[in-house]
Amino acid sequence: MRAKRIALTTALLGAFAVCTLAASVASAGVDHDRPGSILIFPKVVSSATRDTTIRISNTGNMTNQVRCFYLDGDTCGTIDFDLSLTKQQPTQWDVSNGRTVNLLDSFGSSGAGLDPGLIPAQGDFEGSVVCVEVVDDVPVAQNKLKGEAIIRDVTGGDDRNTSAYNAVAITSGTGSGTSDNELVLDGDEYAQCDTVHRVDFIPDDSPGLDPVLGETSSVVTNVTVLPCDLDFSRRAPTSVVLNATLWNEFEVQTSGPDTSFSCWASFSIDPASLNPATTFATVEYSASSPVVMVVESFHSDTGLGVSGSAARNVHTGGAASTSSITLSATP
Amino acid sequence: MLKKARLALFAGIVGLAMGPASMAQAQTSSDESAAILVWPKVVYDSAGVLFGDPTDTLINLSSTATSSLKQAHCFLVNATAHCSGGSGDGDACLSSSSCGGGTCVPGWNEIDFNVFITQEQPLAWLASDGLSMNDLPIVGPGVCSNSPRICFSDVQCGGGTCQIGPNGQNNLGTGVPPVPEDPFIGSLTCIQFDPGQNPPAPDQSATTNALIGEATVFTVPDPNTVDGAKYNAVGFKATEGDGADTDNVLELGTPLDGAGAPTADYDGCAGTLIFNHYFDGATDPVATGGVSSSNGETSTSLTLVPCGNNLLTQEPGAVVAQFLVFNEFEQRFSASTKVDCLFDSPISNIDTSNNARSIWSAGVSGTLTGQTRIQGVGNAATGTGLTGVATLSIATATASTSAAYSLDQMGSVAAGDLLTIP
């Protein structure tokens, strides 16, 4: 009896320790450099001039099932598909081609490896990809997914437009998780999104322009935003107003134009309010509804017509109000 | 019944084992403001001697403090190796193969400097140029506090103070040297100091963790083109419970004490770094060039630096990096290499000089992409933590293009790391 009591006590303490672990992990919140349970690729492009490669890997030692959604930025329509990743398995696909299930893929080909599932190809597409850890179609947060997106130029010219960024990873919350298709980002089920999004950038009308290309160059910084409130079930778009606060190198603070959008947006930072314009500037966005974002800058020489691009994750902070991602029901 | 009790006991022990591990959770981050920033890769090569094409790095450093002047005390580590002997004696090198019979000897030295940043101010400089007095945005003249007189220093104000800049904050005292040699490869570490203290010390105010940083590595293959690869600096936050450091030994992460309070000065370095990558030599599945399309070839370079360094005695951190590599068949490979001050190499040269035989070669792995996990081991006094950045390159028939991305971080180094500053 005494042994049983000791075992029970130890088990309870162990359970407490595991809960502590969950709480500790959850404190990390929305990250760009840690594995998570929900992966968001805010900017995904497939067109005649650009294509995107999505890379996802399972960092855990158990098979990880994943439900993914293409979210069309124009229509807010979605296409879902399932992945199954064995332990530590990486996988990839190009948005324009998708990925077929073919056991006969030759070594070294784009389909080589354990096929994670059938991934639909997209034609002209501009929007996001959202992936969620599930077990038997029920969302289960394990914080084992990581990913990157690589956007590249496919025209074959002199342009050097290859950009890469880490997927936004939303980790588990402090609670016991969810058992339905509504994933609540409240810190309990899943970590909240961030309140502050901060970007250092080179204003495209700044006097120095690109510091390497020189006088005839320009730099355009593009921001892509996706609301954290997503309803894949009803495909209902979320409306957001973004407020911009800008600082120049002289510590002069100005308010930029507000940006209103529904569902998804990709726009260039408007530096017009910077007074005076300086070579470098900072913009901080606050949103009426929680969002995630990624930044891509295009450095070009207007005289020569060539350009290079680079993407990065934005600096973030704070915990936003509750938002939710509602998955569509599985067939 | 006894079996159930054993099971419960086992589950409990497992749970307890996981519990303390959680306390060692790494909190270093590349997307939040912090008190220590590390840029693992800073390069300059005006003639493309080391990197093939002319290369320079734009460093961005900003303050998120909303009401106070912040000081960043920075250390630029020069890790450029040089040939010893042979026909290339004294030349910068990446490996002995370019030394004409000589040996490529690793180098390590550092230069420290200060950057004063006003509230919410963005600053940036090219590694090749640095930031001189003439480049600073807010240096004066100011206005005396006791009369509307133009001034440059307090002595001109007859008992008053000379207020330079909005809110009396300015960039005076800032001086960023250009990189000391060409070509150059190294890293940059900036520590937030409190300029109000005498002598200045690591910032322990409520507005510590105010620095954010980025780097853009520009490659200019010819005067008409430019390629940019951008990454966020890795940040170490000052721990809230313990406060920032009061001596010159900065402790980066150890487990919490019995009361749940941190015993380190700053968050710890990641115990495991993870990154996805194409295997080197993989054929890019995306064809470029329209009708006469062709597929490029991929390569990835990895840059690693130890989290701990002894900048006082000029002893660089030395860590053995152990690699676990998984391909898309879930097959596992392993390798290790020494990270002495700084490691920068194509991944297919980590384990061999013959890229085609590497476990990071697409021909060996058989799949396009892989996942690599990195753990530091060793017995250096500075610790075994590592941080870094990855850079993807895709070479097509007409152009080579690159993009950098951050490494994922998991767990923390159990024993922590030590960063000793002068």
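The values are calculated or read from the model by the stated rules, or taken from the named source; none is laboratory data. Please read these numbers as outputs of a predicted model, since none were measured by experiment. As a convention, Cβ positions derive from the backbone with ideal geometry for all residues, glycine included, and neighbour counts pool all protein chains shown. Ligands, DNA and RNA are stripped out before the accessible areas are found, and what is left, the full protein with its side chains, is counted by its heavy atoms. Shrake-Rupley method; radii C 1.70, N 1.55, O 1.52, S 1.80 Å.
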Here, B:D129 and A:I79, labelled 7 Å along Cα→Cβ, have an inter-label distance in nm of 4.6 nm
Reported to the nearest 10 Å², B:T103 has, with a 1.4 Å probe, an accessible area equal to 80 Å²
For B:299-310, A:250-261, B:164-175, B:61-72, ranked highest to lowest by mean beta-carbon neighbours within 10 Å, the order is B:299-310, B:61-72, B:164-175, A:250-261
If the chain between B:I111 and B:S98 were fully extended at 0.36 nm per residue, the gain over the current Cα-Cα distance would be 2.0 nm
Compactness check, chain A: C-alpha Rg relative to the 2.2 N^0.38 Å globular estimate gives 1.09
Here the FRET efficiency for B:E315 versus B:V377, based on Cβ atoms and R0 = 22 Å and rounded to 0.05, is 0.75
With N residues in chain B, Rg(alpha-carbon) / (2.2 N^0.38 Å) equals 1.10
Counting only DSSP beta bridges fully inside the protein assembly as shown, the antiparallel percentage to nearest 5 is 95 percent
Ignoring ligands and nucleic acids, B:D91 exposes an accessible area, probe 1.4 Å, in Å² to the nearest 10, of 80 Å²
Once accessible area is computed for B alone, A alone and the pair with a 1.4 Å probe, the total buried surface, to the nearest 100 Å², works out to 7500 Å²
Taking the alpha-carbon centre of each part, the distance from region B:266-328 to region B:126-154 in Å is 41 Å
Ignoring ligands and nucleic acids, B:S205 exposes an accessible area, probe 1.4 Å, in Å² to the nearest 10, of 40 Å²
Rounded to the nearest 5, the percent of antiparallel DSSP beta bridges in chain A equals 95 percent
Helix A:2-26 sits off the longest principal axis of the Cα atoms of chain A, rounded to the nearest 10 on a 0 to 90 degree scale, by 10 degrees
To the nearest 20 debye, chain B has a Cα-centred charge dipole, built from +1 on Lys and Arg Cβ and -1 on Asp and Glu Cβ, of 1120 debye
Per-residue average of other protein chain Cβ atoms inside 10 Å, peptide A:110-118 -> 5
Across B:81-88, the residue-averaged tally of Cβ atoms belonging to other chains within 10 Å stands at 0
For region B:63-139, the convex hull over Cα atoms projects on average to an area in nm² of 6.5 nm²
With the dipole of chain A defined by +1 on each Lys or Arg Cβ and -1 on each Asp or Glu Cβ, the option from A:N143, A:T254, A:I38 whose Cα lies farthest towards the positive pole is A:N143
Computed for the protein assembly as shown: size of charge dipole around the Cα centre, +1 on C-beta of each Lys and Arg, -1 on C-beta of each Asp and Glu, debye to nearest 20, value 2540 debye
Carbon/sulfur accessible area of region B:296-422, % of total, 1.4 Å probe, equals 48 percent
Per residue, accessible area of chain B with a 1.4 Å probe, heavy atoms of protein chains only, in Å², comes to 37 Å²
Burial-style ranking of A:30-38, A:117-125, average other-beta-carbon count within 10 Å with highest first, yields A:30-38, A:117-125
Using the Kirkwood radius over Cα pairs of region B:304-422, the Stokes-Einstein translational diffusion coefficient at 4 °C and 1.567 mPa s, in µm²/s and rounded to a whole number, is 82 µm²/s
Highest GNM mean-square fluctuation among B:A404, B:A206, B:A381, for chain B with Cα springs under 10 Å, belongs to B:A206
Of all lysine pairs in the protein assembly as shown that are eight or more residues apart or on different chains, those with Cα atoms under 20 Å apart total 10
In nm, the gap between the two label points placed 7 Å beyond Cα toward Cβ at B:T352 and B:T398 is 3.5 nm
Both in Å, the radius of gyration and Dmax of the C-alpha trace of the protein assembly as shown are 25.6, 89
Cα-only Rg/Rh for region A:194-326 with Kirkwood Rh rounds to 1.02
Ignoring ligands, DNA and RNA, the residues of region B:330-367 whose accessible area with a 1.4 Å probe is reduced by 20 Å² or more relative to the chain alone are B:E330, B:G366
Whole-percent tail of the Cα-Cα distance distribution for region A:25-185, cut at 19 Å, equals 55 percent
Taking every residue of A:142-155, the Cβ atoms of other protein chains inside 10 Å of its Cβ average out to 4
The FRET efficiency for B:D340 and A:S179, from their Cβ-Cβ distance with R0 = 30 Å and rounded to 0.05, is 0.05
Residue separation between A:A329 and A:T216 times 0.36 nm, minus their alpha-carbon distance, gives in nm 35.4 nm
Only helices counted: for the protein assembly as shown, with every DSSP H run of 4 or more residues adding -39500 (n - 2.57) and the sum spread over all residues, [θ] at 222 nm is -2500 deg cm²/dmol
Out of A:G98, A:L242, A:L185 - ranked by how far each Cα lies towards the positive end of the dipole of chain A, with unit charges on the beta-carbon of charged residues - the top one is A:L185
